[in-house]
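Structure first, commentary second.
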């Protein structure tokens, strides 16, 4: 793509605070990460079995300045050397988002560098550009995380068609709820992934939901209910519950649906490139199943490393670079939009 500027290198300070990670990064030309600092609150929220929005917001306020300072120091650069400051402005927890947005606007105002608001899901998709230097649109991307399950056709940088989305629970949300039900606790995704390796994925037959009027849409609430019903039935009958078998069977039900929808989308779009993104994209069973499915169809499979799947600011800096090149700039009226939809 043509760059709407004459300067050879574009360096962006990026900020991410949409949920429970306070993160800042310095990214050059969209694909070179000079620093990527993440301050996680996971240990704190584990005490409550999930993210507490008010606590998350307060922790962001405590950490945001230090994290930004550490990102600049690690990159060996000063604020005056930045070409723009980018920030996630939605979707996410409104209080958490506001901390990042406020910090970015203050930096932009004080330093005079441009401000760029970035969509969180667009950031997840862009994480693939950082570690896959050869990846360019068009391609199909499956975004699966605690709050989102999207199947997206990436037409160009910053241009998307939503092929499918969840009608109820996101995949990661279902993992967390089932993990809690079988006594694994929070965070559910990594714990189910680990325990499933010891279980039989075919031990219990859980449903694979299809949405009749939208072939690419997802629905995981029925699966979650089926697991809860199975657990209740075992309890009433006095039957012993094998935690590993329940976890493995549930995980296989989720993975089967994600793989089936993804492969159908790639083939019908006539593309030979497929990527995954989001926290659930680090799930080993999902990666293995998609790797096999793509190999069978001779489709190039792209996936970020686990640290790039979870919330981070490097992915926001990558997405912001392509917005910067298109001339996108935001004013100081930029606000947090908790339910922001991709493409808006």
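The values are calculated or read from the model by the stated rules, or taken from the named source; none is laboratory data. Since the structure is predicted, the reported quantities are computational estimates derived from the model, not experimental observations. Cβ: placed from backbone, ideal geometry, glycine included. Neighbour counts: every protein chain shown.
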Contact list, first residue from segment 55-76 and more than 17 Å from residue 88 (Cα to Cα), second anywhere and part of a loop (DSSP other than H, G, I, E, B) and at pLDDT 95 or above, beta-carbon distance below 9 Å, six or more apart or interchain, is 72/78; 72/82
Members of segment 283-292 found to be touching a helix residue (DSSP H, G or I) at 6+ places or on another chain (Cβ under 8 Å) and part of a helix (DSSP H, G or I), listed by number: 284, 285, 286, 287, 289, 290
List the number of the failed condition for residue 145; all other conditions in (1) outside the structural domain of residue 273 (by TED's automatic domain parsing); (2) touching a residue at least 12 places away in the same chain (Cβ under 8 Å); (3) under 30 Å from residue 181 (Cβ atoms) hold. (1)
Residue 133 - would you say it is surrounded by fewer than 20 Cβ atoms within 10 Å (Cβ to Cβ) and in a helix (DSSP H, G or I)? no
For the condition within 16 Å of the chain's Cα centre (by Cα) and in a helix (DSSP H, G or I), what is the one hit in 236, 315, 263? 315
Any residue that is surrounded by 23 or more Cβ atoms within 10 Å (Cβ to Cβ) and touching a helix residue (DSSP H, G or I) at 6+ places or on another chain (Cβ under 8 Å) - is there at least one of those in segment 229-246? yes
How many residues does segment 295-307 hold that are closer than 19 Å to residue 131 by Cα and in a helix (DSSP H, G or I)? 2
Within segment 275-282, can one find any residue that is surrounded by fewer than 24 Cβ atoms within 10 Å (Cβ to Cβ) and in a helix (DSSP H, G or I)? yes
Screening 100, 164 for residues that are closer than 14 Å to residue 25 by Cβ and touching a helix residue (DSSP H, G or I) at 6+ places or on another chain (Cβ under 8 Å) leaves only 100
Among the residues of segment 39-61, write down those that are assigned to a loop (DSSP other than H, G, I, E, B) and surrounded by fewer than 14 Cβ atoms within 10 Å (Cβ to Cβ). 47, 48
Could you say which residue among 112, 164, 183, 123 is outside the structural domain of residue 299 (by TED's automatic domain parsing) and either in contact with a strand residue (DSSP E or B) (Cβ under 6 Å, 6 or more places away or on another chain) or more than 24 Å from residue 60 (Cβ to Cβ) (or both)? 112
